[in-house]
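The values are calculated or read from the model by the stated rules, or taken from the named source; none is laboratory data. Since the model is a prediction, treat every value here as computed from it, not as a measurement. Heads up, the Cβs are rebuilt from the backbone with ideal geometry, glycines too, and the neighbour counts pull from every protein chain shown. Please note that ligands, DNA and RNA were not included when accessible areas were found on the heavy atoms of the full protein model with its side chains. Shrake-Rupley method; radii C 1.70, N 1.55, O 1.52, S 1.80 Å.
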Amino acid sequence: MRTALLQSSGRPGSVVENLKVLDEAAGRAAAAGAGLVAAPEMFLTGYAIGDGIARLAEPADGDSADAVAGIATRHGVAVVYGYPEREGETVYNSAQLISADGTRLANYRKTHLFGCFERDHFTPGEQPVVQADLNGLRVGLMICYDVEFPENVRAHALAGTDFLVVPTAQMHPFQFVAESVVPVRAFENQMYVAYVNRVGPEGEFEFVGLSTLAGPDGIARTRAGRGEELVLADADPDFLAASREANPYLKDRRPGLYGSLV
């Protein structure tokens, strides 16, 4: 499955403008043969927008979800995007997967919140593994800081995730996560990992870009720079199967020894 990573911070504070950016990117991705386009964490509204997070938060099936479904169907490409999700009085940092026919396939709430900013504005989710089948791959969702916990990604591996999509808002000085941690996670768990970041200054943060899609061999199939960019790479089910056959990590586990982890 060819995947397009939309490295952009969009237009913080404007859902309308961010939907336009996503629409244009989806058109380019589809023209390049992509079956999936992924946008960063909180792409729909912006990340560092303070009280705007609660004001702009929407239900998972709200108007913006309908708008993204329209983008997906218009261009014939599945979409993953980050947004603030409202359920009653509670706001989550969420990511949603919508299929190329506009069906809402999966919605994930970030389980590990990073820093005071996120803890002040969001409630952590409680479901670590969220998956859906898409174009011959089992796709899992995770958000930013979540991927830095090896237990999280291993849970996906044990649940059969083939392709982990991670919208992120990775900031300076933690660029080593994109450069080193993400490829290692892909290798040690024998899956593809797509890590799609925001870019440039926003509020008190400086987002570092470096979006990447890493394969189960630990090699980046594509890596963006530090500016706004749409990069593409392929996730190959046949290569994944061969890599899993050759790499015994999951087979050689000894769960009986790991009780102290929990």
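Here are some notes:
- Anisotropy class of segment 1-99 from Cα gyration tensor, a/c 1.5 cut: prolate
- Accessible heavy-atom area order of 121, 172, 156, highest first, probe of 1.4 Å: 172, 121, 156
- For segment 18-166, a/c is not less than 1.5, where a ≥ b ≥ c are the root eigenvalues of the C-alpha gyration tensor, and a/b does not top b/c. That puts it in the oblate class.
- Beta bridges per DSSP with both ends in segment 1-137, % antiparallel, nearest 5: 70 percent
- Listed values for segment 127-132 are Karplus-derived 3J(HN,Hα) couplings in whole Hz (6.51 cos²θ - 1.76 cosθ + 1.60, θ = phi - 60°), namely 10, x, 10, 10, 9, 7, and x replaces Gly and Pro.
- Å² of accessible area per residue within segment 57-156, as computed with a 1.4 Å probe and no ligands counted: 40 Å²
- Area of residue 239 that stays accessible when all protein chains are in place (1.4 Å probe, Å², to 10): 80 Å²
- Between the labelled values [x] 27, 21, 17; [y] 33, 27, 18; [z] 35, 20, 14, the entry that holds semi-axes √(5λ) of the Cα gyration tensor in Å as derived from this structure is [x].
- Residues whose amide H lies under 5 Å from that of residue 91, counting only those 5 or more places away or on a different chain, are 123; hydrogens are built 1.01 Å from N in the peptide plane.
- Taken as Cα centroids, segment 220-261 and segment 125-148 sit 13 Å apart, rounded to the nearest whole angstrom.
- Theoretical ellipticity at 222 nm over the chain - DSSP helices of four or more residues, -39500 (n - 2.57) apiece, nearest 500: -7500 deg cm²/dmol
- For segment 45-112, the Rg and Dmax computed from alpha carbons only, in angstrom: 12.0, 35
- Shape category assigned to segment 88-232 from the gyration tensor of Cα positions, a/c cut at 1.5: rounded
- Counted over the chain, the DSSP beta bridges are approximately 70% antiparallel.
- For segment 202-262, radius of gyration divided by Kirkwood radius, i.e. Rg to Rh on alpha-carbons: 1.17
- Label reach from residue 67 (point 7 Å along Cα→C-beta): in segment 195-226, amide nitrogens under 20 Å belong to 198-199.
- Taken one residue at a time, the phi angles of segment 12-27 give Karplus couplings (6.51, -1.76, 1.60, θ = phi - 60°) of x, x, 10, 4, 4, 5, 5, 5, 5, 4, 5, 4, 5, 5, 4, x Hz. Gly and Pro are set to x.
- Annotation: the antiparallel percentage among DSSP beta bridges lying fully within segment 91-170 is about 75.
- By a 1.4 Å probe calculation restricted to protein chains, residue 260 has an accessible surface near 110 Å², given to the nearest 10.
- About its Cα centre, the dipole of the chain is roughly 480 debye, where the only charges are +1 on Lys and Arg Cβ and -1 on Asp and Glu Cβ.
- Computed over segment 131-208, the percent of Cα pairs more than 21 Å apart is 27.
- With K and R counted +1 and D and E -1, the other residues having a Cβ less than 10 Å from that of residue 247 yield a net charge of -2.
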